[in-house]
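Colleague: First, the structure itself, so that you have it in front of you.
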There are 2 protein chains.
Amino acid sequence: MAGEPRRYRELCPIALALDVIGDRWTLLLIRELFAGPKRFTDLEQGLPGVGSSVLATRLRHLEQHGLVRRRRLPRPAPALIYELTPRGASLDAVVLSIARWGAAYLPGQQDLVSRGRWLLQALAATADPPPPGLGSTNFVLDGEESHIRVGHRRLAARDGLLTDARATVRGTVPDLYTLATTSGTGEPGLGRVAVDGDRRAAEWLLKHLVAGLRSAANSGTSTKEHA
Amino acid sequence: MAGEPRRYRELCPIALALDVIGDRWTLLLIRELFAGPKRFTDLEQGLPGVGSSVLATRLRHLEQHGLVRRRRLPRPAPALIYELTPRGASLDAVVLSIARWGAAYLPGQQDLVSRGRWLLQALAATADPPPPGLGSTNFVLDGEESHIRVGHRRLAARDGLLTDARATVRGTVPDLYTLATTSGTGEPGLGRVAVDGDRRAAEWLLKHLVAGLRSAANSGTSTKEHA
DNA sequence: CGGAATCCTCTTCGATACTG
DNA sequence: CAGTATCGAAGAGGATTCCG
């Protein structure tokens, strides 16, 4: 029995929004679903520390509010998956603005759980609109497969590999993190990551991504905070 | 003793952002500060139900992270006020995107606490960039003074009255709420609100505001949710 | 094996009371 | 006015158990 969930009861769009997406774990759960449909267990893996009970409660809440849909996959994959509805996907502006604001905290972090795709989502969120000719690229980071798709006006990071990617970048998450957050003098090139396929295309994409992240991280008025 | 605040400990800009602004009440507190500097007691009034202990904890947290600054006002006003730092003010994109997304929930609400300025913030957040010639306007709603300033590319709602406003709109919050959310056939005019000063200017501004709110509320894929 | 419900402990919240 | 102290209630975190 969850009882009535806590609400603000204010006639204010921010308060009404937070009644739906303001609970702990909710926006991170939505971050996971922006990377593609997920099973319950996938979500547990993508939200370290969440606890199955809280996750089930959040999923039910989001389903009731029409942000998430539960769907049974047809054969040959007898799995129950969760995915964003159009209303849920319309949170992209919210998720992007939070990711851009939070990018200022990315450099210099230690002792945090890391996932390749989180870093790719950060890079995609902070990137400028792609110049013509920039190509979608696959990534295998710490053995985890994901990709960055180059769309019309923005980049998007999702799970899995594309069949039509221009190149595949391989390495560890620390490798890419170092490449992205270390302000080497001039152009550090690829650092320790390796490339299959069109190396030029991968270099160009990475350069575009790193420039965007640095710009977002610096526009944070570089407050180092936390006495 | 608060102990260590709970953190996600993920190398992800969204998780790092939510470690700072994700706690209950925090974004609503920031909403209040976007309307101008506030004393502790003002904030309590603007956050019905918060409890002074939680408010003090949130303010300390935001101060430590460099989003909020505490300042002692000089004579003749021996008051301690809280205000946003530049880093705190850089949350405007986050607050705006949440307000726009949440605007879909505004129509048809009942039994909620209402404040004139919250509604003005909602209208300012969802409004399109102002056309040239649109003028700043004062509002007195349920006796509470606030205003909407017409800026370069956006509107902003704050507390208090401007000395150089084009007009003053007077009425109750339900009056303005009805005017804003009731899709009357064609143009409902001013409804029950009254205008001092340039009536044409006030009508134009209100028309602009209402159009923006309706557009934002409808782009929400009108899911009525919550069984 | 995936998808939870249950149980237990700990933290946080909300409300009231109290203090410099 | 600007908070701190306190306390019952609600929520989160973690492990285990259950069910199809």
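Colleague: For A:Ser114, indicate whether it is crowded, with 17+ Cβ neighbours inside 10 Å and without any contact (Cβ under 8 Å) to a residue 60 or more places away in the chain. Let's see the steps before the verdict.
Modeller: Details: crowded, with 17+ Cβ neighbours inside 10 Å: yes; without any contact (Cβ under 8 Å) to a residue 60 or more places away in the chain: no.
So A:Ser114 fails the test.
Colleague: Turning to a different aspect of this structure: Hey, any hits in the stretch A:48-65 for a residue that's within 16 Å of DNA strand D (Cβ to nearest atom), under 16 Å from the mean Cα position of the chain (by Cα), at pLDDT below 95 and of a type outside the set (Lys, Arg)?
Modeller: Yes, the stretch A:48-65 contains a residue that is within 16 Å of DNA strand D (Cβ to nearest atom), under 16 Å from the mean Cα position of the chain (by Cα), at pLDDT below 95 and of a type outside the set (Lys, Arg).
Colleague: Another question about this same structure. Residue by residue through the stretch A:181-213, note down the ones that are modelled with pLDDT under 95 and closer than 28 Å to B:His61 by Cβ.
Modeller: A:Thr181
Colleague: In this structure, does A:Gly88 turn out to be part of a loop (DSSP other than H, G, I, E, B) and more than 16 Å from DNA strand D (Cβ to nearest atom)? Lay out the reasoning, then the answer.
Modeller: Values: part of a loop (DSSP other than H, G, I, E, B): no; more than 16 Å from DNA strand D (Cβ to nearest atom): yes.
When the stated conditions are applied, A:Gly88 does not pass them.
Colleague: Identify, please: which residue in the stretch A:101-111 is touching a residue at least 60 places away in the same chain (Cβ under 8 Å) and more than 7 Å from chain B (Cβ to nearest Cβ) and is, among those, farthest from the chain's Cα centre (by Cα)?
Modeller: A:Gly108
Colleague: On the basis of being away from DNA strand C (no atom under 16 Å from the Cβ), farther than 22 Å from B:Val173 by Cα, crowded, with 22+ Cβ neighbours inside 10 Å and facing chain A (nearest Cβ under 9 Å), does B:Leu91 make the cut? Give the steps one after another, and end with the answer.
Modeller: Working: away from DNA strand C (no atom under 16 Å from the Cβ): yes; farther than 22 Å from B:Val173 by Cα: yes; crowded, with 22+ Cβ neighbours inside 10 Å: yes; facing chain A (nearest Cβ under 9 Å): yes.
Judged against the criteria, B:Leu91 is a match.
Colleague: Got a number for residues in the stretch B:180-209 being part of a helix (DSSP H, G or I) and more than 18 Å from the chain's Cα centre (by Cα)? Give the steps one after another, and end with the answer.
Modeller: Taking the stretch B:180-209 and keeping what is part of a helix (DSSP H, G or I), we get B:180-181, B:199-209.
When the remaining residues are screened for being more than 18 Å from the chain's Cα centre (by Cα), the result is B:199-204, B:207.
Selection size over the stretch B:180-209: 7.
Colleague: Could you please give the count of residues in the stretch A:18-45 that are farther than 20 Å from A:Val94 by Cα and surrounded by 15 or more Cβ atoms within 10 Å (Cβ to Cβ)? Please lay out each step first, then the result.
Modeller: Taking the stretch A:18-45 as the starting set, the residues that turn out to be farther than 20 Å from A:Val94 by Cα are A:38-45.
This time we only want the ones that are surrounded by 15 or more Cβ atoms within 10 Å (Cβ to Cβ), so: A:38, A:40, A:42-44.
Looking only at that region, the number is 5.
Colleague: Turning to a different aspect of this structure: I need the full set of residues from the stretch B:134-158 which are assigned to a loop (DSSP other than H, G, I, E, B) and touching a residue at least 12 places away in the same chain (Cβ under 8 Å), in order please. Please lay out each step first, then the result.
Modeller: Step one: of the stretch B:134-158, the residues assigned to a loop (DSSP other than H, G, I, E, B) are B:134-136, B:142-143, B:151-154.
Scanning the stretch B:134-158 gives B:Leu134, B:Gly135, B:Ser136, B:Asp142, B:Gly151, B:Arg153, B:Arg154.
Colleague: I'd like the full set of residues that are of a type in the set (S, T, N, Q) and more than 10 Å from chain A (Cβ to nearest Cβ), limited to the stretch B:112-142.
Modeller: We begin by selecting, within the stretch B:112-142, every residue of a type in the set (S, T, N, Q); these are B:114, B:121, B:126, B:136-138.
Answer for the stretch B:112-142, where residues must be of a type in the set (S, T, N, Q) and more than 10 Å from chain A (Cβ to nearest Cβ): B:Ser136, B:Thr137, B:Asn138.
Colleague: Let me ask you something else. For the stretch A:65-72, state whether one or more residues are part of a helix (DSSP H, G or I), more than 10 Å from chain B (Cβ to nearest Cβ) and surrounded by 17 or more Cβ atoms within 10 Å (Cβ to Cβ). Give the steps one after another, and end with the answer.
Modeller: Taking the stretch A:65-72 first, the residues part of a helix (DSSP H, G or I) are none.
Checking the stretch A:65-72: not a single residue is part of a helix (DSSP H, G or I), more than 10 Å from chain B (Cβ to nearest Cβ) and surrounded by 17 or more Cβ atoms within 10 Å (Cβ to Cβ).
Colleague: Moving on to the next point. Name the pairs: first residue in the stretch A:159-174 and within 14 Å of chain B (Cβ to nearest Cβ), second residue assigned to a strand (DSSP E or B) and of a type outside the set (Phe, Trp, Tyr), Cβ to Cβ under 7 Å, at least 6 apart or on different chains?
Modeller: Close Cβ pairs (under 7 Å, with a partner that is assigned to a strand (DSSP E or B) and of a type outside the set (Phe, Trp, Tyr)) amount to A:Thr172/A:Leu141; A:Val173/A:Leu141.
Colleague: Just name the residue that is nearest to the chain's Cα centre (by Cα) out of those in the stretch A:75-85 that are within 16 Å of DNA strand D (Cβ to nearest atom) and of a type in the set (A, V, I, L, M, F, W, C).
Modeller: This residue is A:Ile81.
Colleague: Identify, by number, the condition in (1) under 27 Å from B:Glu44 (Cα atoms); (2) more than 16 Å from DNA strand D (Cβ to nearest atom); (3) of a type in the set (Lys, Arg) that A:Arg6 doesn't meet.
Modeller: The number of the failed condition is (2).
Colleague: Starting from residues that are touching a residue at least 24 places away in the same chain (Cβ under 8 Å) and not in a helix (DSSP H, G or I), keep the ones in the stretch B:9-25 and report whichever is nearest to DNA strand D (Cβ to nearest atom).
Modeller: Restricting to residues being touching a residue at least 24 places away in the same chain (Cβ under 8 Å) and not in a helix (DSSP H, G or I), the top hit is B:Arg24.
Colleague: Determine which member of the set B:Arg69, B:Arg39, B:Arg60 is away from DNA strand C (no atom under 16 Å from the Cβ) and more than 19 Å from A:Ala103 (Cα to Cα).
Modeller: Values: B:Arg39 fails: away from DNA strand C (no atom under 16 Å from the Cβ); B:Arg60 fails: away from DNA strand C (no atom under 16 Å from the Cβ).
Checking each option against the conditions leaves just B:Arg69.
Colleague: Could you say whether any residue in the stretch B:47-57 is away from DNA strand C (no atom under 13 Å from the Cβ) and either without any contact (Cβ under 8 Å) to a residue 40 or more places away in the chain or surrounded by fewer than 22 Cβ atoms within 10 Å (Cβ to Cβ) (or both)?
Modeller: Filtering the stretch B:47-57 down to residues away from DNA strand C (no atom under 13 Å from the Cβ) leaves none.
No; the residues of the stretch B:47-57 include none that is away from DNA strand C (no atom under 13 Å from the Cβ) and either without any contact (Cβ under 8 Å) to a residue 40 or more places away in the chain or surrounded by fewer than 22 Cβ atoms within 10 Å (Cβ to Cβ) (or both).
Per-residue answers, yes or no, for (1) more than 10 Å from every other protein chain (Cβ to nearest Cβ); (2) in a loop (DSSP other than H, G, I, E, B); (3) of a type in the set (Asp, Glu):
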| residue | (1), (2), (3) |
| --- | --- |
| B:Arg7 | no, yes, no |
| B:Leu27 | no, no, no |
| B:Gln45 | yes, no, no |
| B:Pro48 | no, yes, no |
| B:Thr57 | yes, no, no |
| B:Pro76 | yes, yes, no |
| B:Ser97 | no, no, no |
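Colleague: Answer with yes or no whether A:Glu32 is at pLDDT 95 or above, within 16 Å of DNA strand D (Cβ to nearest atom) and either within 11 Å of chain B (Cβ to nearest Cβ) or in contact with a strand residue (DSSP E or B) (Cβ under 7 Å, 6 or more places away or on another chain) (or both).
Modeller: Numbers: at pLDDT 95 or above: yes; within 16 Å of DNA strand D (Cβ to nearest atom): yes; either within 11 Å of chain B (Cβ to nearest Cβ) or in contact with a strand residue (DSSP E or B) (Cβ under 7 Å, 6 or more places away or on another chain) (or both): yes.
Answer is yes for this residue.
The values are calculated or read from the model by the stated rules, or taken from the named source; none is laboratory data. Note that this is a predicted model, so its numbers are computed, not measured. Because the Cβ atoms are built from the backbone with ideal geometry, glycine has one as well, and the counts that use them run over all protein chains shown.
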